[in-house]
1. Against the conditions (1) assigned by TED's automatic domain parsing to the domain that holds residue 193; (2) touching a helix residue (DSSP H, G or I) at 6+ places or on another chain (Cβ under 7 Å); (3) modelled with pLDDT of 95 or more, where does residue 78 fall short? Just the number, please.
2. Answer with yes or no whether residue 217 is under 20 Å from the mean Cα position of the chain (by Cα), assigned to a loop (DSSP other than H, G, I, E, B) and over 30 Å from residue 72 (Cβ atoms).
3. Quick one: count up the residues across region 13-33 that are crowded, with 24+ Cβ neighbours inside 10 Å and under 12 Å from residue 286 (Cα atoms).
4. Got at least one residue in region 273-292 being in the same structural domain as residue 71 (by TED's automatic domain parsing), within 27 Å of residue 94 (Cβ to Cβ), in contact with a helix residue (DSSP H, G or I) (Cβ under 6 Å, 6 or more places away or on another chain) and part of a helix (DSSP H, G or I)?
5. Would you confirm, using the coordinates I've provided, whether residue 195 is in contact with a helix residue (DSSP H, G or I) (Cβ under 6 Å, 6 or more places away or on another chain), in a loop (DSSP other than H, G, I, E, B) and surrounded by 13 or more Cβ atoms within 10 Å (Cβ to Cβ)?
6. Considering only residues that are surrounded by 16 or more Cβ atoms within 10 Å (Cβ to Cβ) and in a helix (DSSP H, G or I), which ones fall in region 343-361?
7. Do any residues in region 141-160 that are more than 19 Å from residue 204 (Cβ to Cβ) have Cβ atoms under 6 Å from those of residues that are in a loop (DSSP other than H, G, I, E, B), where the two are at least six apart or on different chains, and which pairs are they?
8. For residues that are exposed (fewer than 14 other Cβ atoms within 10 Å of the Cβ) and over 18 Å from residue 111 (Cβ atoms), tally how many sit in region 207-226.
């Protein structure tokens, strides 16, 4: 008899629609786990985010950070509020602090158009959109965000830090992912940069090319960020895995979400060598919070990514099976048009989408 593996999941519901979509994901996770033997999920919620900041003056308490370090994985709803800002005018961003503190250097953003979901492109080939954006998350133009802003009103600058170590490990991550995806039997990684102008980006490309020599069987190419954005609205189905600097990845992630129906269909993972955090790519959407109309699909798919990562890391086949079951259930409810949430013109709210996915399991 196979021993049951127990996993501790730290929950950070956050702000706005975060708790609502978190509740939806937990219902789906519990339903999926109940159908497969071999693993159990234990959940514990912790405070963080804008409300936490307003109440305590801290958007990421030490106890919450410690719990995230000790957990097998972290599941995050959404954090922040446009009206809750620090003294320097920036919004609170504990999710970024978590990336630095847990060294979650690889931001993984799958981009796949679900059958039945209206995409932004009329071309029938858009049905073949299936790519992954890999965003380096500990360097680039975000390197100094936790440093106090320098004094003065005449100028301001942000450093774009690119290191050999940081670029090498995120490039290797991208090559490994492309091999495992093996899309159409021709894995490929595209390096996206602005190497024709910026010294830091030219260095990013140089290190990428050096690491490519250690990735046999994976084809590589390059794209300048401006031309790449053009291609994303002209022929995004031609890309497999793309890797880029922090800010470029932040922007491209939203652009690609727009191609597949919006942020409500965009899951993501923040992965390091020891820790991983999973969250929908969308924000807290305070304008619709509490109305029961938030699309939980991105959160549910992020939870499936968490199960897949746990399965790979701990050789827990049951987790991988449950992850695939969730993805198939999500595909099913949109392919059959069993649900249509408001963000794509329907009337099915958070609970309706959740129930439909659970029934499809």
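1. Just one mismatch for residue 78, condition (1).
2. Numbers: under 20 Å from the mean Cα position of the chain (by Cα): no; assigned to a loop (DSSP other than H, G, I, E, B): yes; over 30 Å from residue 72 (Cβ atoms): yes.
Answer is no for this residue.
3. Residues meeting the conditions: 6.
4. no
5. Details: in contact with a helix residue (DSSP H, G or I) (Cβ under 6 Å, 6 or more places away or on another chain): yes; in a loop (DSSP other than H, G, I, E, B): yes; surrounded by 13 or more Cβ atoms within 10 Å (Cβ to Cβ): yes.
Spelling it out, residue 195 is indeed in contact with a helix residue (DSSP H, G or I) (Cβ under 6 Å, 6 or more places away or on another chain), in a loop (DSSP other than H, G, I, E, B) and surrounded by 13 or more Cβ atoms within 10 Å (Cβ to Cβ).
6. Selection gives 343, 344, 350, 352, 353, 354, 355, 356, 357, 358, 360.
7. Listed pairs, sorted by first residue: 149/88.
8. At the first step, the residues of region 207-226 found to be exposed (fewer than 14 other Cβ atoms within 10 Å of the Cβ) are 209-210, 213-214, 216-217, 219, 221, 226.
So of that shortlist, the ones also over 18 Å from residue 111 (Cβ atoms) come out as 209-210, 213-214, 216-217, 219, 226.
Residues flagged as exposed (fewer than 14 other Cβ atoms within 10 Å of the Cβ) and over 18 Å from residue 111 (Cβ atoms) within region 207-226 amount to 8.
The values are calculated or read from the model by the stated rules, or taken from the named source; none is laboratory data. Because the structure is predicted, anything quoted here is derived from the model rather than measured. Reconstructed Cβ throughout: ideal geometry from the backbone, glycine too, with neighbour counts over all protein chains shown.
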